[in-house]
Amino acid sequence: MPSPEKSQPESMQRHIRLLSHPGDYGIDPVPLRWGAGTPAERGPLIGTLGDPARRNVIGSHSGSYTVYRALAVAAGALDPEHQADLTDTRPTHTIGPFPQWHGPKRIVSLDPYGAIVQDVFRDYYAQGIDIRPTIAITAAHLVLPEVSAAIAAGRLVPDGRVLLADGECVVTKAAIEPAWHLPGIAERFGVNEGRLRRVLFEETGGMFSELVTRGDLEVFLPPIGGQTVYLFGDVSQLGTPHARITARVHDECNGSDVFGSDICTCRPYLTHAVEECIKGAQQGGVGVIIYFRKEGRALGEVTKFLVYNARKRQPGGDRAERYFARTECVAGVQDMRFQELMPDVLHWLGISHIDRFVSMSNMKHDAVTASGITIGTRVKIPRELIPKDAKVEMDAKVAAGYYTDSTLPAASELAEAKGRAYVIPPAAAPASELLPEDEARGRERA
């Protein structure tokens, strides 16, 4: 733990200078033209803090971790002037550039050049400008018990390339931080850019004053979670006309994905998608899993757990007909994931057609196809993979428009309580109810 008496760096001792207006003396942001045809014309995103006058974005790098960075600086654990040594950090695999990277409308929520800034913006590095990658690409192995079970059941066969004999999956993975082009975001949602900026400013508690004072800055690095892409097979096929793509877009569910909670289908559907991606890659295609940090439909885990309580305790029990209503009662809205931005990462990957889309979501399907990407087959979750307590969720979603090739549940079926009721274990006995021998043992220990 750093000592409170530790002297702060010189940069922390100087007076605070607000760079809130474009006409202020000394402000000279690096020019940025979103969607330009070449990196040189587009320019880099400068979100670092070493030279504030040259910054050309609102916010700073690291997304939702910016506050931890600030805490590290405040505690004296991190030098605010530190510049990352990017030696040997270049991507393990090449992705792009693709035609979808050009033009101001196709990609508006991430920087397509974010993984290759060291190469395409080397002249800026030579000038001493601190540019950080917003995308990192590496190689990895995945170890999932469900994959081992699929091998044991004969559904998957190791090939030594995509799937190893010990059950490990060979993948390429990319971590992506968000970078929002505000004019493009506003157009995507059909709202006025000025109103978008004002609401972002107000609903973040005034955290980013440049949203309303710096109209010359068009890119915002929002303090939200990003996304991770897992690629199975030969990534060099991406962007080619013959590439056969199996894909799932998955939104974070910590309870199910990590801990196996059975109130939803998230982990079973995710691992089924991994199995589909392995098969697709073994057949010469590319498997794509995109994992967004949008916990609880982007409502957050606290809201999610409150809704669980409301569903289980409501009169009549947990049932599909009230599934979305209970969410809206707590959160004021059923869903805040806004899938309109989701297809950007598919365009970053150069994808124009998905052969097998492992998703039943009508919102995801419609967002993908509206962006110009075509979809062949939609792959539903096998019924045997749906946990018993998740039947409420699945019936509610199918009734609301989720893809199915079977009969829609009837109104009477939706009204039936199918979710497991809470079983609350009895509280521990109070001290006054302890047996005499327990009290005696307590006195002996004292």
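The values are calculated or read from the model by the stated rules, or taken from the named source; none is laboratory data. This is a predicted model, so every value here is computed, not measured. Cβ atoms come from the backbone with ideal geometry, glycine included; neighbour counts cover every protein chain shown. Remember, those area values only see protein heavy atoms, side chains included, never the ligands or the DNA or RNA. Shrake-Rupley method; radii C 1.70, N 1.55, O 1.52, S 1.80 Å.
So, counting K/R as plus one and D/E as minus one, what does the shell of residues with Cβ under 14 Å around D395 add up to? Don't skip to the answer; put the middle values down first.
Numbers: positive: R311, R319, R322, K380, R383, K388, K391, K397, K418; negative: D318, E321, D389, E393, E413, E416.
Residues close to D395 contribute a combined charge of +3.
For the range 74-174, what is the largest minus smallest coordinate of the Cα atoms on each principal axis, given in angstrom and ordered from greatest to least?
Taking the Cα atoms of the range 74-174, the three principal extents are 57, 42, 23 Å.
Counting only the backbone N, which residues of the range 128-158 are under 19 Å from the spot 7 Å out from the Cα of L164 toward its beta-carbon?
Zone members listed by number: 138-152, 156-158.
Compute the FRET efficiency between D28 and F338 as 1/(1 + (r/R0)^6), taking r as their Cβ-Cβ distance and R0 = 25 Å, and round to the nearest 0.05. Please list the in-between numbers first.
On the way: r = 35 Å, r/R0 = 1.38.
The formula returns an efficiency of 0.15 here.
In the range 192-236, whose amide N lies under 12 Å from the spot 7 Å out along Cα-to-Cβ of T94? List them in ranges.
What the label zone holds, given the 12 Å backbone N cut-off, is 236.
First measure r as the distance between the Cβ atoms of Y65 and Q283, then evaluate 1/(1 + (r/R0)^6) with R0 = 51 Å and state the FRET efficiency to the nearest 0.05. If you can, show how the numbers build up before the last one.
Working: r = 38 Å, r/R0 = 0.75.
Using R0 = 51 Å, I get an efficiency of 0.85.
Note down the accessible area of D166, probe 1.4 Å, to the nearest 10 Å².
100 Å²
Roughly to the nearest percent, how much of the accessible area of the range 71-194 is carbon and sulfur, given a 1.4 Å probe?
On the way: 3410 of 6160 Å².
The computed percentage sits at 55.
Sorted by accessible area with a 1.4 angstrom probe, largest first, how do T134, T374, T94 fall? It would help to have the intermediate numbers written out before the result.
Numbers: T134 10, T374 75, T94 110 Å².
If we order T134, T374, T94 from most to least accessible, we get T94, T374, T134.
Order L408, L156, most accessible first, counting only protein heavy atoms with a 1.4 angstrom probe. Intermediate results must be reported in sequence, preceding the final value.
Working: L408 105, L156 5 Å².
So the residues, ranked largest to smallest area, are L408, L156.
Sort E81, E276, E384 by heavy-atom solvent-accessible area, probe 1.4 angstrom, most to least.
Details: E81 85, E276 25, E384 150 Å².
Solvent-accessible surface, decreasing: E384, E81, E276.
Under a Cβ-Cβ cut-off of 13 Å, what is the net charge of the residues other than V219 that fall near it, where Lys and Arg count +1 and Asp and Glu count -1? Can you show the working numbers first?
Values: positive: R33, R42, R55, R197, R214; negative: D111, E177, E193, E210, D216, E218.
Residues close to V219 contribute a combined charge of -1.
Run through all the Cα pairs of the chain and give the fraction in each 10 Å bin from 0, expressed as whole percent.
Final binned percentages: 4, 17, 25, 23, 17, 9, 4, 1, 0.
Given 0.36 nm per residue, what is the gain on full extension from D216 to A325 after removing their alpha carbon distance, in nm?
Working: separation 109, 0.36 × 109 = 39.24 nm, distance 4.17 nm.
So the extension gain works out to 35.1 nm.
How much of R322 can a 1.4 Å solvent probe reach, expressed as accessible area in Å² and rounded to 10?
80 Å²
Picking from I27, I131, I95, which is most flexible by a Gaussian network model of the chain using Cα springs under 10 Å?
Highest fluctuation among the options: I27.
Given the whole protein assembly as supplied and a 1.4 Å probe, what does the accessible area of F201 come to in Å², nearest 10?
Rounded to the nearest 10, that gives 60 Å².
7 Å from Cα along Cα→Cβ at both H242 and T138: what's the point-to-point distance in nm?
Output for this residue pair reads 3.4 nm.
Using only helices, what value at 222 nm comes out for the chain when you add -39,500 (n - 2.57) per DSSP H run of length 4 or more and divide by the total residues, to the nearest 500 deg cm²/dmol?
-8500 deg cm²/dmol
Given labels modelled 7 Å from the Cα in the Cβ direction, how far is it in nm from T377 to R155?
1.4 nm
Are there trypsin sites (Lys or Arg not before Pro) in the range 99-155 that DSSP puts in a loop and that have at most 13 other Cβ atoms within 10 Å, and which ones?
Details: sites: K105, R106, R122, R155; in loops: K105, R106, R155.
Of the trypsin sites (Lys or Arg not before Pro), the ones in loops of the range 99-155 whose Cβ has at most 13 other Cβ atoms within 10 Å are K105, R155.
Roughly how many nanometres apart are two label points built 7 Å out from the Cα toward the Cβ at D85 and R313?
5.5 nm
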